[in-house]
1. Find all pairs meeting these conditions: Cβ atoms under 7 angstrom apart; at least six residues apart or on different chains; first residue within segment 67-86 and under 15 Å from PRO154 (Cα atoms); second residue β-branched (Val, Ile, Thr) and open to solvent by less than 50 Å² (accessible area, probe 1.4 Å).
2. Return the total of residues in segment 84-100 being more than 16 Å from SER149 (Cβ to Cβ) and either in contact with a helix residue (DSSP H, G or I) (Cβ under 7 Å, 6 or more places away or on another chain) or buried (at least 17 other Cβ atoms within 10 Å of the Cβ) (or both).
3. Name the residues in segment 103-132 that are among the aromatic types (Phe, Trp, Tyr) and open to solvent by 30 Å² or more (accessible area, probe 1.4 Å), would you?
4. Within segment 145-164, how many residues are open to solvent by 10 Å² or more (accessible area, probe 1.4 Å) and in a loop (DSSP other than H, G, I, E, B)?
5. Taking the stated definitions as given, is LEU142 open to solvent by less than 30 Å² (accessible area, probe 1.4 Å), within 24 Å of LEU67 (Cα to Cα) and either out of contact with any Asp or Glu (no Cβ under 9 Å at 6 or more places or on another chain) or without any contact (Cβ under 8 Å) to a residue 12 or more places away in the chain (or both)?
Amino acid sequence: MAAVTSSAVSFLSFSGLKAGASSSKPSIAPRLTGSAAPKLTVKASMKDIGAAVVATAAGAILAGNALAFDVDLGTDEGGLAFVPKEFTVAPGEKIVFKNKAGFPHNVVFDEDEIPAGVDVSKISMGEEDLLNAPGEAYSVTLTEKGTYSFYCSPHQGAGMVGKVTVK
């Protein structure tokens, strides 16, 4: 909890100089009422400070997780590739695979090339599920650290494969 206190300050009014008056300078001096000097007091408990630190950290984490790593499906020239082909993300970071060119495409993780214990059916599109138009997208969030290999089932034979490392 923060509290701010202060004293009232008033100024004398100035009426101006008269012609032919003495050469003494007019006085404009602040006059304090109440205590002798203004006081500013801030009180905060360690609990309040801790809560502020936690709130700031949580905001930073949420903002960080709001970001996504984008991977294009197909190249500008119509090539059959993931762009980038290999990349690294943090655990829990969202990956968005966006259809760009040379479709249809999909994203299938290789069950033999993912970390132990990860259920491939929960992170892959189905072999028959396809992104058929520009801009269509598939998103996945990988939480287990390790290396994951993936491919586009219609174009795997043409070399449309990729790898993501989560660390």
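The values are calculated or read from the model by the stated rules, or taken from the named source; none is laboratory data. Just so it is clear, the structure is predicted and the values come from calculations on it, not from any experiment. Neighbour counts run over all protein chains shown; Cβ positions are idealised from the backbone, glycine included. In case anyone asks, the SASA skips ligands and DNA or RNA and just uses the protein heavy atoms, side chains included. Shrake-Rupley method; radii C 1.70, N 1.55, O 1.52, S 1.80 Å.
1. ALA81/THR75; PHE82/VAL71
2. Final tally of qualifying residues: 5.
3. PHE103, the sole residue that qualifies.
4. 2
5. So LEU142 fails the test.
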